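Novice: After the structure tokens below, expect a handful of questions from me.
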Amino acid sequence: MSQQKKAILTIEGREPIELPIYAGTLGPDVVDVSSLTAKGLFTYDPGFMSTAATKSDITFIDGDNGVLLHRGYAIADLAEKSDYLEVCYLLLNGELPNAEQKEKFVNMVRRHTMVHEQLQFFYRGFRRDAHPMAIMCGVVGALSAFYHDSTDINDPHSREVSAFRLIAKMPTIAAMSYKYSVGQPFQYPDNTLGYSENFLKMMFGTPCEPYVVNPVLAKAMDRIFILHADHEQNASTSTVRLAGSTGANPFACIASGIAALWGPSHGGANEAVLKMLDEIGDVKNLDAFVKRVKDKNDSTKLMGFGHRVYKNFDPRAKVMKQTCHEVLNTLGIHDPQLELAMALEEIALKDEYFVARKLYPNVDFYSGIILKAIGIPTSMFTVIFALSRTVGWIAHWNEMIGSPYKIGRPRQLYTGATERNYVAMSERK
Ligand code: SDX
């Protein structure tokens, strides 16, 4: 980053304050306000609407023009031409791998797909109807108890081993959370298969008969993994960065990201979209639903729509919608919920309420329909998001830990009571 210009902050009755302005390679310039504390001032930005919390080389988003780049490569190109493990390599290392690098990376991931045999007993502590995201929070957080030998965050090799362990084991842990919920035996990874095939076999295979993965579903699964892999400083990635800034081990940091992702405003939206479509039920109910969304006294939101950054189409939603049609057509599936989603999108894109607020479909609006076609139950949708986003979380965590950093510690505008004396119980009203 380079210093281009400076900002002058003028406050009545005070000397003007000079603040450096930095420019990155793409996107808005930033005003460095770090010197304000020494001058007795804080900035105030609830929800971090205008705050760049860090500099990063990993992902760039242009919300006004619907651009998403991973290390400079457009998401549409990666979704069409790459595969998830290659995108993992790109996010972690900054460049696309050559053939030898890719083979080595894929083989390293393959070597870590199994989990410690003792880990399976964690699942027995949960009720069978536990939400799989609750299981993921618990089991991933517990990994540091099994893989303590790769928790030295100051050792680059240790960080690399943790990265491989997490990327490789998330599909296994995720599939185990599904198998546990349906009362079927856990399936071991089959390392003769690719990453997405392996996941689907662990999800739907049983010991009773051979399971052959449908290549159309495997390709769709891999594309969904690519589309969810990283997204700049979103809520869960910022959570991972903040947890990592305390020196917490990588497994604890990723568990914090899983917890943050679960919210319906974030990664929980894909599950919420299917629930919303279920509630609407039929196109004849769309107008009444949209009326509720627009009613200020009604908290109903159009799930899968809107985004803090995208004030234009989410480029991932475009690819997701196209993949939806491809998968359903190839499988010969007629899903009325796809028709419903498309009708809802058509209404929203023309309605002044949504247009004025620049609300467009985001990554979650169509993903659930594809996941349903693949056979993934709704309760597993956010688990799929967490599985895919693990590499993005690790890439950001590694980027922070790999260079000088400080513990994240925001301040506040205090509006509470001024100091007052303690009141004995006998004197309280
Ligand atoms: C993800 O940050 C990331 O990058 C996240 C993500 C990633 O890959 O990591 O992209 C993944 O989280 C995608 C978003 C998934 N969430 C949803 O689909 C839930 C529905 N969307 C909303 O909750 C909302 O749009 C957010 C949370 C996504 C964004 O909220 P903002 O930026 O804080 O916007 P806002 O709430 O200030 O909304 C501005 C206006 C408000 O109306 P007014 O008060 O101005 O009248 O738009 C309205 C909001 O009420 N609005 C919606 C709406 N989203 C915003 N109204 C109806 N339905 C919606 N979905």
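The values are calculated or read from the model by the stated rules, or taken from the named source; none is laboratory data. None of these values were measured; they are calculated from a predicted model. Note: ideal-geometry Cβ built from the backbone for every residue, glycine included; neighbour counts use all protein chains shown. Side chains are part of the model used for accessible areas, which takes the heavy atoms of the whole protein and leaves out ligands, DNA and RNA. Shrake-Rupley method; radii C 1.70, N 1.55, O 1.52, S 1.80 Å.
Novice: What are the ³J(HN,Hα) couplings of the range 419-429, residue after residue, when phi is run through the Karplus curve with 6.51, -1.76, 1.60 and θ = phi - 60°? Round to Hz, x for glycine and proline.
Specialist: With the stated coefficients, the range 419-429 comes to 4, 8, 7, 5, 10, 5, 3, 5, 9, 7, 6 Hz.
Novice: Report the accessible area of GLU352, computed with a 1.4 Å probe over the heavy atoms of all protein chains in place, in Å² rounded to the nearest 10.
Specialist: The value for GLU352 is about 120 Å².
Novice: At 1.4 Å probe size, with no ligands or nucleic acids counted, give the accessible surface of ILE333 in Å², nearest ten.
Specialist: 70
Novice: What value, in deg cm²/dmol to 500, does the helix sum -39500 (n - 2.57) over DSSP H runs of n ≥ 4 give at 222 nm once divided by the residues of the chain? Write out the running numbers ahead of the final one.
Specialist: Values: 17 runs with 206 residues, N = 429.
My calculation for the chain gives -15000 deg cm²/dmol from helical runs alone.
Novice: Shifting gears a bit: Exceeding 28 Å between C-alpha atoms, which entries from my cross-link table qualify? They are LYS104/LYS321; LYS102/LYS372; LYS275/LYS358.
Specialist: LYS104/LYS321; LYS102/LYS372
Novice: Take the alpha-carbon centre of the range 191-224, take the same for the range 29-103, and report the distance between them in whole Å.
Specialist: With the range 191-224 and the range 29-103 each reduced to a Cα centre, they are spaced 31 Å.
Novice: To continue, here is another question. Per-residue HN-Hα couplings for the range 20-33, Karplus 6.51 cos²θ - 1.76 cosθ + 1.60 at θ = phi - 60°, whole Hz, x for Gly and Pro?
Specialist: Once θ is set to phi - 60°, the couplings for the range 20-33 become x, 10, 10, 10, x, 7, 9, x, x, 5, 10, 9, 7, 9 Hz.
Novice: Could you sort PHE122, PHE204 by their accessible area in this structure, using a 1.4 Å probe and putting the largest first?
Specialist: PHE122, PHE204
Novice: Now a separate question. Length gain on complete extension for the stretch ALA343 to VAL212, per 0.36 nm per residue less the alpha carbon to alpha carbon distance?
Specialist: The ALA343-VAL212 span can extend by a further 43.6 nm.
Novice: With label points built 7 Å along Cα→Cβ from the Cα atoms of HIS116 and LEU36, find their separation and express it in nm.
Specialist: 4.5
Novice: Sketch the reach of a paramagnetic label on PHE313 as a point 7 Å from Cα along Cα-to-Cβ, and name the residues of the range 74-107 whose backbone nitrogen lies under 19 Å away.
Specialist: 74-81
Novice: Once the cut-off is 39 Å, how many percent of the Cα-Cα pairs in the chain end up in the long-distance tail?
Specialist: When all Cα pairs of the chain are counted, 25 percent exceed 39 Å.
Novice: How large is the accessible surface of LYS275 in square angstrom, using a 1.4 angstrom probe and rounding to the nearest 10?
Specialist: Result for LYS275: roughly 110 Å² accessible.
Novice: With a 1.4 Å probe and all protein chains kept in place, how do SER403, SER256 rank by accessible area, largest first?
Specialist: Details: SER403 55, SER256 30 Å².
Listed by decreasing accessible area, they come as SER403, SER256.
Novice: What residues qualify as long-range amide H neighbours of VAL67, i.e. H under 5 Å apart, gap of 5 or more or another chain, H built at 1.01 Å from N?
Specialist: Long-range HN contacts for VAL67: ASP62.
Novice: What are the residues whose amide H is under 5 Å from the amide H of PHE305, where those residues sit 5 or more places off or on another chain and H is modelled from the backbone?
Specialist: ASN362
Novice: What are the residues whose amide H is under 5 Å from the amide H of LEU9, where those residues sit 5 or more places off or on another chain and H is modelled from the backbone?
Specialist: Amide H neighbours of LEU9, under 5 Å, 5+ apart: ILE17, GLU18, LEU19.
Novice: Relative contact order of the chain: what whole-number percent is it, with Cα pairs under 8 angstrom and at least 6 residues apart?
Specialist: Relative contact order, the chain: 20 percent.
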